[in-house]
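Visitor: Handing you a structure now.
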Amino acid sequence: MARDLYLYNTLTRKKELFKPIHPDMVGIYVCGPTVYGDAHLGHARPGITYDVLFRLFRHLGYKVRYVRNITDVGHLENDADTGEDKIAKKARLEQLEPMEVVQAYTLRYHDAMRKLNVLPPSIEPRASGHIIEQIALVQKILDAGFAYESNGSVYFDVEKYNTQHKYGILSGRVIDDMISNTRALDGQDDKHSSYDFALWKKASPEHIMHWPSPWSEGFPGWHLECSAMSEKYLGEEFDIHGGGMDLMFPHHECELAQNTASRGRGGVHYWMHNNMITINGQKMGKSLGNFITLDELFSGRHPKLEQPYSPMTIRFFILQAHYRSTLDFSNEALQAAEKGLKRMLQAFKDVKTISVTDGAPSIEQIAGLETLIYDALCDDMNTPIAISYMFDAVKMVNSVKDKTIAINGEDKAILERIFGEVGGDILGLSDDNSQSSDTKIIDGLVNMIIESRKQAKANKDWAESDRIRDRLKAIGIQIKDTKEGCEWTLSE
Ligand code: ZN
């Protein structure tokens with residue numbers, strides 16, 4: 001399917017027509033989580049954003065190699081060059097091996113992503129599995145003259161780099177401003193300037209994760225892994241690099257500098273950044289008491305939550321905002337998303353069973369609707385606009401269901417494509433996935449009860465049949481007898 005796709009490129013600060021490096025194969029690299037704690041809301045947004053990008057490319061007929069890494073070493077506290085490794089710290093506090101921490105939280109992250117219907121990436125490399133590649137990259141940057149060794153550590157020489165290339169082009173920071181804004185170096189004597197960043201750090205005696213290198217027994221700097229692993233799996237030049245806006249500086253800026261210093265070019269054609277999530281207008285943070293993990297959202301077990309929210313509600317809620325806009329979580333907003341999703345998913349089901357009227361005239365808006373939806377998705381993944389058009393399709397399904405309008409087979413097929421291909425394949429909305437195991441149990445039980453009622457009716461035991469109906473109603477389950485059998489819904 002040949003469709004023009006426009007993406008906003010952080011590097012050029014404008015929407016650009018996407019042109020792949022290789023005609024049929026798109027390479028995407030996305031910074032994944034540092035696995036030292038439970039997956040939280042902050043992980044859901046990039047997870048879902050780049051999942052839709054992945055799905056959209058595949059739907060448009062591209063082969064995609066989607067690489068999303070796991071950071072399991074080198075990410076120090078406060079995203080800085082000093083302090084404890086985040087994973088090692090967690091391991092110390094929980095008296096575990098660092099790789100036990102990594103394993104446990106990687107599994108939990110995968111589990112949360114699966115519930116959100118986020119497809120697994122094509123490759124999920126770990127930083128600790130690519131130490132050799134990272135050491136080779138440090139050597140290349142040293143050989144190119146853009147790094148220096150200092151007491152067993154190696155630092156990137158930002159000032160030297162800036163004389164030949166521009167440091168700060170991605171985040172729009174100007175190095176002169178950075179120099180005037182940096183405080184005097186305290187306890188970081190190994191560096192020439194405070195804005196230089198570590199490529200390799202000599203391990204202090206208490207640092208438990210370390211590897212031999214030409215410079216010291218140590219560990220790689222946090223930014224290095226993404227340069228090394230994206231090059232290994234996608235080549236020196238690749239199409240798209242994504243991540244959260246919070247990673248733009250310093251992480252991606254440093255990555256871009258490392259690429260340029262080692263290969264003479266940045267190598268990434270489109271940089272994409274999803275915006276952040278706030279909670280009731282505030283930044284999410286442990287100290288604010290509004291740090292919500294995905295498990296807490298799914299179960300409702302958090303003082304800030306009025307109820308549980310299904311993974312599909314979270315997914316739908318995230319897609320109802322454009323990925324470059326901020327998104328504010330609140331109970332009211334999530335409840336609105338829950339209602340909207342329910343309506344949408346009902347139409348997913350109904351569209352399959354609405355009856356076709358042969359010779360019915362085409363419904364005017366339907367033919368254009370599909371185009372409008374694809375135009376929105378291909379306009380820098382404008383999922384909120386696409387969803388708003390999908391609600392127009394929902395209305396049409398409902399009108400056909402209410403018999404206010406008749407539909408012909410062609411129009412019905414378009415509506416089915418809108419829900420199946422756009423809603424299901426690209427946006428990843430589905431009914432099954434939205435069901436927690438609890439809802440599956442409820443479904444099974446209600447169906448069993450309805451079965452008994454059917455039996456009562458077959459035995460002409462009307463009293464029993466009515467009793468079952470009334471009891472169900474009392475606990476919030478409405479049942480409706482139809483020609484086909486019996487339908488049930490949870491009342492509002
Ligand atoms: Zn990264």
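The values are calculated or read from the model by the stated rules, or taken from the named source; none is laboratory data. Given the structure is predicted, the values throughout are model-derived calculations rather than measurements. FYI the Cβ positions are ideal-geometry reconstructions off the backbone, even for glycines, and counts take in every protein chain you see.
Visitor: Taking I366, is it surrounded by 20 or more Cβ atoms within 10 Å (Cβ to Cβ), modelled with pLDDT under 95 and closer than 15 Å to E416 by Cα? Reasoning before the result, please.
Guide: On the way: surrounded by 20 or more Cβ atoms within 10 Å (Cβ to Cβ): yes; modelled with pLDDT under 95: yes; closer than 15 Å to E416 by Cα: yes.
Judged against the criteria, I366 is a match.
Visitor: Looking at this structure, is L107 surrounded by fewer than 18 Cβ atoms within 10 Å (Cβ to Cβ), more than 16 Å from the ligand (Cβ to nearest atom) and over 22 Å from the mean Cα position of the chain (by Cα)? If you could, list the steps in order and put the result at the bottom.
Guide: On the way: surrounded by fewer than 18 Cβ atoms within 10 Å (Cβ to Cβ): yes; more than 16 Å from the ligand (Cβ to nearest atom): yes; over 22 Å from the mean Cα position of the chain (by Cα): no.
Against the criterion (surrounded by fewer than 18 Cβ atoms within 10 Å (Cβ to Cβ), more than 16 Å from the ligand (Cβ to nearest atom) and over 22 Å from the mean Cα position of the chain (by Cα)), L107 does not qualify.
Visitor: Another question about this same structure. Pick out the one residue from I407, I385 that is touching a helix residue (DSSP H, G or I) at 6+ places or on another chain (Cβ under 7 Å) and surrounded by fewer than 21 Cβ atoms within 10 Å (Cβ to Cβ).
Guide: Details: I407 fails: surrounded by fewer than 21 Cβ atoms within 10 Å (Cβ to Cβ).
Selected residue: I385, the only one of I407, I385 that is touching a helix residue (DSSP H, G or I) at 6+ places or on another chain (Cβ under 7 Å) and surrounded by fewer than 21 Cβ atoms within 10 Å (Cβ to Cβ).
Visitor: A further question on this structure: Quick one: in the stretch 31-68, which of the residues that are under 14 Å from the mean Cα position of the chain (by Cα) and hydroxyl-bearing (S, T, Y) is nearest to the ligand (Cβ to nearest atom)?
Guide: Here is the first cut: in the stretch 31-68, the ones under 14 Å from the mean Cα position of the chain (by Cα) are 31-33, 39-56, 66-68.
Next, only the ones that are hydroxyl-bearing (S, T, Y) stay: 49-50, 66.
Numbers: T49: 15, Y50: 13, Y66: 14 Å.
Applying the filter and picking the extreme gives Y50.
Visitor: Then there's this: Considering only the stretch 77-92, state which residues are among the hydrophobic types (A, V, I, L, M, F, W, C) and either closer than 13 Å to I208 by Cβ or crowded, with 16+ Cβ neighbours inside 10 Å (or both). Please lay out each step first, then the result.
Guide: Of the residues in the stretch 77-92, the ones among the hydrophobic types (A, V, I, L, M, F, W, C) are 80, 87-88, 91.
Listed by number, the residues that qualify are I87, A88, A91.
Visitor: For the stretch 35-85, give me each residue that is within 20 Å of K232 (Cα to Cα) and assigned to a strand (DSSP E or B).
Guide: K63, V64, R65, Y66, V67, R68, I70, T71 - these are the residues of the stretch 35-85 that are within 20 Å of K232 (Cα to Cα) and assigned to a strand (DSSP E or B).
Visitor: What residue, among those in the stretch 77-88 that are within 16 Å of the ligand (Cβ to nearest atom) and hydrophobic (A, V, I, L, M, F, W, C), is nearest to M113 (Cα to Cα)?
Guide: I87
Visitor: May I ask you to list the residues in the stretch 259-292 that are more than 13 Å from the ligand (Cβ to nearest atom), assigned by TED's automatic domain parsing to the domain that holds R68, assigned to a helix (DSSP H, G or I) and not small (G, A, S)?
Guide: Correct list: T260, R263.
Visitor: Give the residues of the stretch 129-157 that are of a type in the set (V, I, T) and either more than 20 Å from E253 (Cβ to Cβ) or at pLDDT below 95 (or both), sorted by residue number. Break it down stepwise before answering.
Guide: Let us first name the residues in the stretch 129-157 that are of a type in the set (V, I, T), namely 131-132, 135, 138, 141, 154.
Once the filter is applied, which keeps residues that are of a type in the set (V, I, T) and either more than 20 Å from E253 (Cβ to Cβ) or at pLDDT below 95 (or both), the stretch 129-157 yields I131, I132, I135.
Visitor: Would you mention how many residues in the stretch 216-247 are assigned to a helix (DSSP H, G or I) and away from the ligand (no atom under 11 Å from the Cβ)? Spell out the reasoning first.
Guide: Initially, the stretch 216-247 is screened for residues assigned to a helix (DSSP H, G or I), giving 224-234, 245-247.
Imposing the further condition that a residue be away from the ligand (no atom under 11 Å from the Cβ) reduces the set to 231-234, 245-246.
Summing the residues that are assigned to a helix (DSSP H, G or I) and away from the ligand (no atom under 11 Å from the Cβ) in the stretch 216-247 gives 6.
Visitor: Looking at the stretch 69-76, is at least one residue away from the ligand (no atom under 16 Å from the Cβ) and either surrounded by fewer than 20 Cβ atoms within 10 Å (Cβ to Cβ) or on the phi < 0 side of the Ramachandran plot (or both)? First the steps, then the outcome.
Guide: Taking the stretch 69-76 first, the residues away from the ligand (no atom under 16 Å from the Cβ) are none.
Scanning the stretch 69-76 turns up no residue that is away from the ligand (no atom under 16 Å from the Cβ) and either surrounded by fewer than 20 Cβ atoms within 10 Å (Cβ to Cβ) or on the phi < 0 side of the Ramachandran plot (or both).
Visitor: Got a number for residues in the stretch 248-258 being buried (at least 24 other Cβ atoms within 10 Å of the Cβ) and either outside the structural domain of I175 (by TED's automatic domain parsing) or more than 12 Å from the ligand (Cβ to nearest atom) (or both)?
Guide: So the count comes out to 1.
Visitor: A further question on this structure: Kindly indicate whether D392 is touching a strand residue (DSSP E or B) at 6+ places or on another chain (Cβ under 7 Å) and of a type outside the set (A, V, I, L, M). Don't jump to the end; show me each part of the working.
Guide: On the way: touching a strand residue (DSSP E or B) at 6+ places or on another chain (Cβ under 7 Å): no; of a type outside the set (A, V, I, L, M): yes.
No: the conditions fail for D392.
Visitor: Can you find a residue in the stretch 270-293 that is surrounded by fewer than 19 Cβ atoms within 10 Å (Cβ to Cβ), within 12 Å of L11 (Cβ to Cβ) and among the aliphatic types (A, V, I, L, M)?
Guide: no
Visitor: Further question on the same structure: Go through the stretch 209-247 and give me each residue that's surrounded by 15 or more Cβ atoms within 10 Å (Cβ to Cβ), over 30 Å from the mean Cα position of the chain (by Cα) and not small (G, A, S).
Guide: H210, W211, W215
Visitor: In the stretch 431-442, is there at least one residue being part of a loop (DSSP other than H, G, I, E, B) and out of contact with any Cys (no Cβ under 7 Å at 6 or more places or on another chain)? Steps first, answer last, please.
Guide: Narrowing the stretch 431-442 to residues part of a loop (DSSP other than H, G, I, E, B): 435-436.
Keeping just the survivors that are out of contact with any Cys (no Cβ under 7 Å at 6 or more places or on another chain) gives 435-436.
Within the stretch 431-442 (the criterion being part of a loop (DSSP other than H, G, I, E, B) and out of contact with any Cys (no Cβ under 7 Å at 6 or more places or on another chain)), the answer is yes, since at least one residue qualifies.
Visitor: I need the full set of residues from the stretch 243-274 which are among the small types (G, A, S) and under 24 Å from A136 (Cα atoms), in order please. Spell out the reasoning first.
Guide: First, pick out the residues of the stretch 243-274 that are among the small types (G, A, S): 243-244, 257, 261-262, 264, 266-267.
Result: A257, A261, S262, G264, G266, G267.
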